[in-house]
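Q: Structure provided below as structure tokens; questions to follow.
The values are calculated or read from the model by the stated rules, or taken from the named source; none is laboratory data. Quantities reported herein were computed from a predicted structural model and do not represent experimental measurements. Cβ coordinates were reconstructed from backbone atoms using ideal geometry, including for glycine residues, and neighbour counts include every protein chain displayed.
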Amino acid sequence: MRCANVLHVTPPVLVWLRRDLRLDDSHAIAAAVQTGSPLAFVYVLDPAMKNRGVGHAQFGFIVEGLGDLQTRLAERGGGLVVRRGDTVQHLVAVARELGVQCVCANRDEEPAADIVERAAEDALRAIGVELLVVDDEVNVPHELVLTKEGNPCRTYSAYARGVRRVLDALPAPPQDYDLLGRLVPTPVPEIPSVETLVGRSVTLLSDVPGGETHALARLRRWRDDGFLARYADDRDLVAEPDATSRLSGYLRQGMLSPRRALQVADRAGAPKFASELLWREWFKYVLHHHPDLAERCIDARYDQIEWTGSDAHFEAWTRGETGFGMVDAAMRQLLETGTIANRARMVAASFLVKDLHIDWRRGEQWFRRHLTDGDLASNAGSWQWVAGTGLDAAPYFRIFNPTLQEQRFDPTGAYAARWAPDRPPPIVEHALERDKTLVAYKAVAAEPI
Ligand SMILES: Cc1cc2nc3c(=O)[nH]c(=O)nc-3n(C[C@H](O)[C@H](O)[C@H](O)COP(=O)(O)OP(=O)(O)OC[C@H]3O[C@@H](n4cnc5c(N)ncnc54)[C@H](O)[C@@H]3O)c2cc1C
């Protein structure tokens, strides 16, 4: 929908921030700037976010990001309106208070967010306000990414090739706009603490603070200190915190633009990093085509698997008490910091599904609630990748051996020693459980699709 008449009016345009907590290269802000009207900004902390898997780590990151955004807006003469409660009611109230005729927002493709967006559109329309929603979350809108034959892509590699084809023909670099002198000053908001939001005290050891300022600084420093150049070789070294960018929380909350990140990767000639950035976008594409990604196996045959694992084993896994060093280190690192390196995520996830025979959906929910970067698309997509139930090339018979993975990717034992120094006796024998998994998967994989 277009905000048709805003060019001729002076009331401000309201930018409704969602998972796009930044000023740099936002398509919603660019659309608002184009109207020529002054800009106001609103963010609603909605308790319903909890039902969408947002946990204490993410709330903490968001709260930090809101404080940072308020500072950045104030530096440019504006401010951020922060409300707590039902998103639609607050949007309508703020739109009325500021007398706006148009609200601009970036699309959030998660199914629950889509429902809120539709309700917001109706409620705003009822008071004579237009809602303009634009694509922003990925480098190339999903409907433009097709195979050479014009079909939706079924594998990551076809998707990545499709994205590059579009970007070669229609480059989409980050957009520049000047906000100085165009912003509506609003009172400094009261941003609730994370403890208030989640109803308990929160202690997370994290040296990656939320906020666009930190996101841009981290990207720059990580590149300039030489880590980006070593990324392709080092990214699986789980004990080395700077082996990877640790930008995922920023990308999840839109504190960093996906176009800015890809531009830095491409300009640095870092194809491996660029391809990982596109894995994030691939999973968004998969979610677009499979909105029930977190509920159902993409290959429906695997929904027939009988998950025989016990609750006791699930709890041992969540506490990091399985007796397998990399699994335990990963699970304790998650509880203490809200993050886990990718390699350790794969090993811990594979262990839950293939060694403990527990439904990948339970692990997906646990990860999403505890990760700072917990993201429906990347998390559910990755769990289905590990479980071998999805579209892509992780066949079910590829089963990580947690001991060999530890020897290979934590060769000095520093990762396990840092996070899980004690080593309880193993709760299962890998070789036996591997065989059971192969039997269970083979039984359903033998069925024709
Ligand atoms: C079981 C499992 C669950 C996961 N859950 C999430 C999640 O909830 N949210 C999330 O953002 N990522 C998830 N990932 C993907 C990946 O582990 C993280 O993105 C990565 O570890 C974040 O660290 P980084 O920013 O240092 O990544 P880097 O290696 O520096 O990569 C740069 C960016 O590329 C993207 N990226 C990298 N690897 C992947 C990948 N395999 N899939 C999708 N995007 C990727 C991320 O946005 C990341 O920030 C999951 C992976 C597994 C195996």
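Q: Output yes when any residue across segment 230-237 is more than 8 Å from the ligand (Cβ to nearest atom) and part of a loop (DSSP other than H, G, I, E, B), and no when none is.
A: If we filter segment 230-237 for residues that are more than 8 Å from the ligand (Cβ to nearest atom), which is where we start, we get 230, 232-234, 236-237.
Retained after the next criterion (residues that are part of a loop (DSSP other than H, G, I, E, B)): 236-237.
For segment 230-237, residues more than 8 Å from the ligand (Cβ to nearest atom) and part of a loop (DSSP other than H, G, I, E, B): present.
Q: With the checklist (1) surrounded by fewer than 16 Cβ atoms within 10 Å (Cβ to Cβ); (2) assigned to a helix (DSSP H, G or I); (3) at pLDDT 95 or above in hand, flag the one item Thr196 doesn't pass.
A: (3)
Q: Scan segment 49-98 for residues that are small (Gly, Ala, Ser), out of contact with any strand residue (DSSP E or B) (no Cβ under 6 Å at 6 or more places or on another chain) and surrounded by fewer than 22 Cβ atoms within 10 Å (Cβ to Cβ) and jot them down.
A: Gly55, Gly67, Ala74, Gly79, Gly85, Ala93
Q: Oh, and also: Look at Ala169 and say whether it is within 20 Å of Ser275 (Cα to Cα), among the small types (Gly, Ala, Ser) and in contact (Cβ under 8 Å) with a residue 40 or more places away in the chain.
A: Values: within 20 Å of Ser275 (Cα to Cα): yes; among the small types (Gly, Ala, Ser): yes; in contact (Cβ under 8 Å) with a residue 40 or more places away in the chain: no.
No, not satisfied.
Q: On to the next question. Among the residues of segment 317-332, count how many are under 15 Å from Gly413 (Cα atoms) and of a type outside the set (D, E, K, R).
A: Pass one, segment 317-332, residues under 15 Å from Gly413 (Cα atoms): 323-330.
With of a type outside the set (D, E, K, R) added as a condition, the list becomes 323-327, 329-330.
Residues in segment 317-332 being under 15 Å from Gly413 (Cα atoms) and of a type outside the set (D, E, K, R): 7 in total.
Q: Next question. Would you be able to say whether some residue in segment 172-184 is under 29 Å from Leu277 (Cβ atoms) and not in a loop (DSSP other than H, G, I, E, B)?
A: Residues of segment 172-184 under 29 Å from Leu277 (Cβ atoms): 172-179.
After this cut, where a residue has to be not in a loop (DSSP other than H, G, I, E, B) as well, the list is none.
Taking every residue of segment 172-184 in turn, none turns out to be under 29 Å from Leu277 (Cβ atoms) and not in a loop (DSSP other than H, G, I, E, B).
Q: Report those helices (runs of 4 or more DSSP H) wholly inside segment 268-364 carrying at least 2 residues which are buried (at least 24 other Cβ atoms within 10 Å of the Cβ).
A: On the way: elements: 271-289, 311-319, 325-337, 342-350.
Ranges flagged: 271-289, 325-337, 342-350.
Q: Only one residue in Gly309, Gly254, Gly338, Gly320 is away from the ligand (no atom under 15 Å from the Cβ), touching a residue at least 60 places away in the same chain (Cβ under 8 Å) and not assigned by TED's automatic domain parsing to the domain that holds Ala57. Which one?
A: Details: Gly309 fails: touching a residue at least 60 places away in the same chain (Cβ under 8 Å); Gly254 fails: away from the ligand (no atom under 15 Å from the Cβ); Gly338 fails: away from the ligand (no atom under 15 Å from the Cβ).
Selected residue: Gly320, the only one of Gly309, Gly254, Gly338, Gly320 that is away from the ligand (no atom under 15 Å from the Cβ), touching a residue at least 60 places away in the same chain (Cβ under 8 Å) and not assigned by TED's automatic domain parsing to the domain that holds Ala57.
Q: Only one of Arg72, Arg19, Arg96 is modelled with pLDDT of 95 or more, under 30 Å from Glu295 (Cα atoms), not polar (S, T, N, Q) and not in a strand (DSSP E or B). Can you tell me which?
A: Working: Arg72 fails: under 30 Å from Glu295 (Cα atoms); Arg96 fails: under 30 Å from Glu295 (Cα atoms).
Residue meeting the stated conditions: Arg19.
Q: From Arg259, Arg296, Arg267, grab the single residue that is touching an Asp or Glu at 6+ places or on another chain (Cβ under 9 Å), of a type in the set (D, E, K, R) and without any contact (Cβ under 8 Å) to a residue 24 or more places away in the chain. Before you say what the answer is, go through the steps one by one.
A: Details: Arg259 fails: without any contact (Cβ under 8 Å) to a residue 24 or more places away in the chain; Arg267 fails: touching an Asp or Glu at 6+ places or on another chain (Cβ under 9 Å).
Residue meeting the stated conditions: Arg296.
Q: Limited to segment 99-133, what total is found for residues that are in a strand (DSSP E or B) and within 23 Å of Leu293 (Cα to Cα)? Spell out how you get there, then give the answer.
A: Quick first cut of segment 99-133, residues in a strand (DSSP E or B) only: 102-106, 130-133.
Next cut, within 23 Å of Leu293 (Cα to Cα) only: 106.
Of the residues in segment 99-133, 1 are in a strand (DSSP E or B) and within 23 Å of Leu293 (Cα to Cα).
Q: Another question, then. Being within 13 Å of the ligand (Cβ to nearest atom) and part of a helix (DSSP H, G or I): is that true of Phe400 here? Steps first, please.
A: Details: within 13 Å of the ligand (Cβ to nearest atom): yes; part of a helix (DSSP H, G or I): no.
Against the criterion (within 13 Å of the ligand (Cβ to nearest atom) and part of a helix (DSSP H, G or I)), Phe400 does not qualify.
Q: Follow-up question, since we're still on this one. Under 7 Å by Cβ, and 6 or more places apart or on different chains, what pairs join a residue from segment 215-231 that is assigned by TED's automatic domain parsing to the domain that holds Ala270 with one that is of a type in the set (Phe, Trp, Tyr)?
A: Correct list of pairs: Ala215/Tyr250; Leu228/Trp222; Leu228/Phe273; Tyr231/Phe273.
Q: Please name all residue pairs, on different chains or six or more residues apart, with Cβ atoms under 7 Å, provided the first residue is in segment 27-46 and is assigned by TED's automatic domain parsing to the domain that holds Pro11 and the second residue is of a type in the set (Phe, Trp, Tyr) and crowded, with 21+ Cβ neighbours inside 10 Å.
A: Listed pairs, sorted by first residue: Val42/Trp16.
Q: Report, by residue number, each residue of segment 227-253 that is of a type in the set (D, E, K, R) and under 16 Å from Asn379 (Cα atoms).
A: Here is the first cut: in segment 227-253, the ones of a type in the set (D, E, K, R) are 230, 233-236, 240, 242, 246, 252.
Correct list: Arg246, Arg252.
Q: Oh, and also: Looking at segment 215-229, which of its residues are within 13 Å of the ligand (Cβ to nearest atom), of a type outside the set (Lys, Arg) and over 26 Å from Arg408 (Cα atoms)?
A: Answer for segment 215-229, where residues must be within 13 Å of the ligand (Cβ to nearest atom), of a type outside the set (Lys, Arg) and over 26 Å from Arg408 (Cα atoms): Ala215, Leu219.
Q: Let me ask something else. Which condition from (1) on the phi < 0 side of the Ramachandran plot; (2) more than 14 Å from the ligand (Cβ to nearest atom) is the one that Gly413 breaks?
A: (1)
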